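Structure, as C-alpha cells:
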Amino acid sequence: MRRTSRSNECSRASRFVCQALISGNIMSNGRSLSLPELESRIAIIRDNIRQLVEQAAAFSGAEDEARNADRIAQQTEELERLVKQRDALLKK
C-alpha cells in the first residue's frame, strides 16, 4: 500500500510540474519567451524527463508504466517544441 501512496505523490508532483511548464511559448502578458527563459524551461523539462525515467525504473506495474510512458512522451514533445523555438530565435 505504501508504494501506491508514494506513486500517487510522485504523480501529483509531476503533474504539477508538467502543468506549470506547459503554458505555451507565449507569456500571459502576450510576449514571446526570451532566450534565457527558453533555456531555463528546456533545462527544467530535461530534468523532469530524467526524474520520470528514474520513477519508471523504481515502480513496476502496467498502470505505473503506462502513466510514466505518457508523461515522458508529453515532456519529450514539450522539449522538442521548446528546442525548435530556441533554435528559431538563435537564427534571427
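The numbers here are math on the coordinates, done by the rules we state, and not lab data. Since the structure is predicted, the reported quantities are computational estimates derived from the model, not experimental observations. We place every Cβ from the backbone using ideal geometry, glycine too, and count neighbours over all the protein chains shown.
Brief remarks on what is shown
- Candidate set: the range 69-89, residues that are out of contact with any strand residue (DSSP E or B) (no Cβ under 9 Å at 6 or more places or on another chain) and polar (S, T, N, Q); chosen: the one surrounded by the most Cβ atoms within 10 Å (Cβ to Cβ): Gln75
- Top-ranked residue of the range 39-78 - restricted to ones that are acidic (Asp, Glu) and touching a residue at least 24 places away in the same chain (Cβ under 8 Å), ranked as farthest from Leu89 (Cα to Cα): Asp64
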